[in-house]
1. Ignoring ligands, DNA and RNA, what percent of the accessible area of the stretch 208-302 is carbon or sulfur (1.4 Å)?
2. For the stretch 137-195 and the stretch 40-72, write down the distance between their C-alpha centroids in whole Å.
3. Antiparallel versus total DSSP beta bridges in the chain: what percent is that, nearest 5?
4. Using DSSP to define loop residues, name the trypsin sites (Lys or Arg not before Pro) in the stretch 1-97 whose beta-carbon has at most 11 other beta-carbon atoms within 10 Å.
5. With all protein chains present, how much of the accessible area of the stretch 9-93 (probe radius 1.4 Å) comes from carbon and sulfur, to the nearest whole percent?
6. On average, how much area does the Cα convex hull of the stretch 28-125 cover when viewed from any direction, in nm²?
7. Quick one: grab Rg to one decimal and Dmax as a whole number for the chain, Cα atoms only, in Å.
8. How many lysine pairs does the stretch 1-65 hold where the Cα atoms are under 24 Å apart and the two sit 8 or more places apart or on different chains?
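The values are calculated or read from the model by the stated rules, or taken from the named source; none is laboratory data. Note that the structure is a prediction, hence the values are computed from the model and not measured. Counting neighbours? That spans all protein chains shown, and the Cβs are built from the backbone with ideal geometry, glycine included. Ligands, DNA and RNA are excluded from the accessible area calculation, which covers all protein heavy atoms including side chains. Shrake-Rupley method; radii C 1.70, N 1.55, O 1.52, S 1.80 Å.
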Amino acid sequence: MLGVSLPGLALKNPIMPASGCFSFGKEYSQFYDLSKLGSVMVKAATLNKRLGNDTPRVAETKSGMLNAIGLQNPGVEAIITDELPFLEQFDLPVIANVAGSTIEEYEAVASHLRNSNIAAIELNISCPNVKEGGVQFGTDPNVAAEVTRRVKAAASVPVYVKLSPNVTDIVEIAQAVEAAGADGLTMINTLTGMKIDLNKRRPLLSNGVGGLSGPAIKPVAIRMIYQVYQAVNIPIIGMGGVRDAEDVLEFLLAGASAVAVGTANFENPHVCSDIIDALPFVLKEYGFDSVTDAIGKGHINA
């Protein structure tokens with residue numbers, strides 16, 4: 001009753017850890033068998049090694065957390081050689097998160113990943129475009145479509161585009177990347193936020209702003225998924241503030257076909273496993289025979 005089939009992804013259940021919140025799985029494998037997961041979205045890969053932003057780069061909020069890690073990673077070749085082989089022992093498809101500062105970097109990372117065992121790419125278009133003054137790729141529908149087209153051409157696996165919520169009209173962006181060949185969407189990425197250090201009288205994060213994640217953003221994620229589901233014909237992997245199986249059902253009803261869990265992993269390293277255990281009972285409680293039976297059923301005309 002938990003299985004879901006998406007482009008490139010045969011999921012035994014719809015639950016996966018979100019990119020950036022699970023590293024490459026080694027640490028969490030000490031807590032439970034990762035084969036229990038539907039999939040895993042590994043930490044972002046850039047062409048070259050990145051050290052990320054200066055500290056402090058994480059701040060707790062009353063309803064989640066802010067982070068400005070800055071895509072710290074060892075570079076795509078090191079990820080292919082040193083990180084991805086660890087996940088081969090587990091029965092689950094791996095989704096690689098691809099990031100970059102130029103379209104050419106996105107293309108290069110996707111090309112390198114042809115030499116790996118990944119099942120799909122999550123295209124992180126929330127990165128700043130250095131050739132266009134630092135504006136995010138994902139805030140302009142034409143630019144979002146262009147990077148999607150180019151990565152699709154360079155990749156050997158399905159491409160899921162990760163949408164930023166920091167836009168005026170997320171439906172317009174979703175439709176643009178669908179038209180450009182995206183196989184699916186993941187949404188939402190973090191909301192831009194800030195915290196002020198009262199003693200220093202300045203922003204707490206060294207970067208000034210960071211991405212807000214956790215329970216605070218869940219209503220925004222639900223609303224955006226609900227809107228996008230009505231406007232596109234490709235599947236959505238939903239994320240944003242998921243903490244339990246009831247949250248997962250809400251995302252499914254809004255239109256998500258699978259659900260990624262992010263910040264909650266830092267609070268409870270067993271959270272994905274716990275949700276998988278609870279989900280059959282929650283589905284039954286609310287009258288659903290399967291995950292697929294619940295997808296999109298929160299819509300008025302469903």
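1. On the way: 2020 of 3850 Å².
It is 53 percent, rounded to a whole number.
2. 20
3. Bridges in the chain are about 45 percent antiparallel.
4. Values: sites: Lys12, Lys26, Lys36, Lys43, Lys49, Arg50, Arg57, Lys62; in loops: Lys12, Lys26, Lys43, Lys49, Arg57, Lys62.
Listed in order of number, the matching sites are Lys62.
5. Values: 1860 of 3780 Å².
It is 49 percent, rounded to a whole number.
6. Values: hull surface 30.0 nm².
Reported value for the Cα convex hull: 7.5 nm².
7. Computed over the Cα atoms of the chain, radius of gyration and Dmax are 18.0, 54 Å.
8. Numbers: Lys12/Lys26; Lys12/Lys36; Lys12/Lys43; Lys26/Lys36; Lys26/Lys43; Lys26/Lys49.
Going through the stretch 1-65 pair by pair, I get 6.
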